[in-house]
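Trainee: Take this structure first; my questions come after.
Bear in mind these aren't lab numbers, they're just calculated from the coordinates by the rules spelled out. Being a predicted model, the structure only gives us computed values, none of them experimental. Here the Cβ is made from the backbone with ideal geometry for all residues, glycine too, and neighbour counts use every protein chain on show.
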Amino acid sequence: MNREDPFGGSWKLNCEKSHFDPNHHPSRATMRWDRTSDGYYMTAEGTMDDGKTVQERPATFTLDGKDHPIPEMPGFTKVMSRPVANTIEVESKNAGLLVGKASYVVSSDGTTLTASVSGIDAQQRRFQTVLVWDRL
């Protein structure tokens with residue numbers, strides 16, 4: 001692992017160590033983080049318990065601490081920052097009001113990424129989940 005870039009590379013979801021919201025329960029998933037000039041580009045895909053394959057929209061993490069519009073969600077913005085090398089924090093807002101938070105923390109040995117995510121999903125349901133990922 002490159003100690004200067006703890007996020008970069010591919011990760012596999014560890015379902016046994018994760019804590020899922022009842023409405024958001026994958027049976028398997030992978031994600032990849034690629035470094036960009038101002039942050040990261042992340043892609044993820046997985047399979048839900050019912051066997052349905054889910055490919056998430058790629059996410060761009062611009063780590064400047066400023067509001068950025070979410071193009072596919074009019075009225076929504078996200079603020080992303082990297083307070084320390086192994087942590088990325090994200091806040092999502094709708095019309096200026098906080099509607100979601102996430103933190104991504106890579107372990108000191110670089111082998112595990114823990115994503116704690118809470119907010120409101122596309123069906124307007126509150127959720128909270130902790131996803132534990134192992135480096136591939």
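Trainee: Somewhere in the range 1-8, is a residue assigned to a strand (DSSP E or B), over 20 Å from S118 (Cα atoms), over 12 Å from the mean Cα position of the chain (by Cα) and not aliphatic (A, V, I, L, M)?
Mentor: Step one: of the range 1-8, the residues assigned to a strand (DSSP E or B) are none.
No, the range 1-8 has no match at all.
Trainee: Considering only strands (runs of 3 or more DSSP E) fully contained in the range 80-136, which possess at least 2 residues that are free of Cβ contacts under 8 Å to residues at least 40 places away in the same chain, under 15 Å from the mean Cα position of the chain (by Cα) and within 22 Å of L63 (Cα to Cα)? Let's see the steps before the verdict.
Mentor: Values: elements: 87-94, 97-106, 112-120, 126-135.
By residue number, 87-94, 97-106, 112-120.
Trainee: With R82, R35 as the choices, which residue is surrounded by fewer than 17 Cβ atoms within 10 Å (Cβ to Cβ) and either farther than 18 Å from V105 by Cβ or not hydroxyl-bearing (S, T, Y) (or both)?
Mentor: R35
Trainee: Quick one: count up the residues across the range 9-50 that are in a loop (DSSP other than H, G, I, E, B) and either in contact (Cβ under 8 Å) with a residue 12 or more places away in the chain or within 15 Å of the chain's Cα centre (by Cα) (or both). Don't jump to the end; show me each part of the working.
Mentor: First, the residues of the range 9-50 that are in a loop (DSSP other than H, G, I, E, B): 14-18, 20, 22-23, 25, 37-38, 49-50.
After this cut, where a residue has to be either in contact (Cβ under 8 Å) with a residue 12 or more places away in the chain or within 15 Å of the chain's Cα centre (by Cα) (or both) as well, the list is 14-15, 17-18, 20, 23, 25, 38, 49.
Residues in the range 9-50 being in a loop (DSSP other than H, G, I, E, B) and either in contact (Cβ under 8 Å) with a residue 12 or more places away in the chain or within 15 Å of the chain's Cα centre (by Cα) (or both): 9 in total.
Trainee: Further, regarding this structure: Can you work out which of the residues in the range 64-79 that are assigned to a strand (DSSP E or B) and hydrophobic (A, V, I, L, M, F, W, C) is farthest from S37 (Cα to Cα)?
Mentor: Only one residue tops the list, namely F76.
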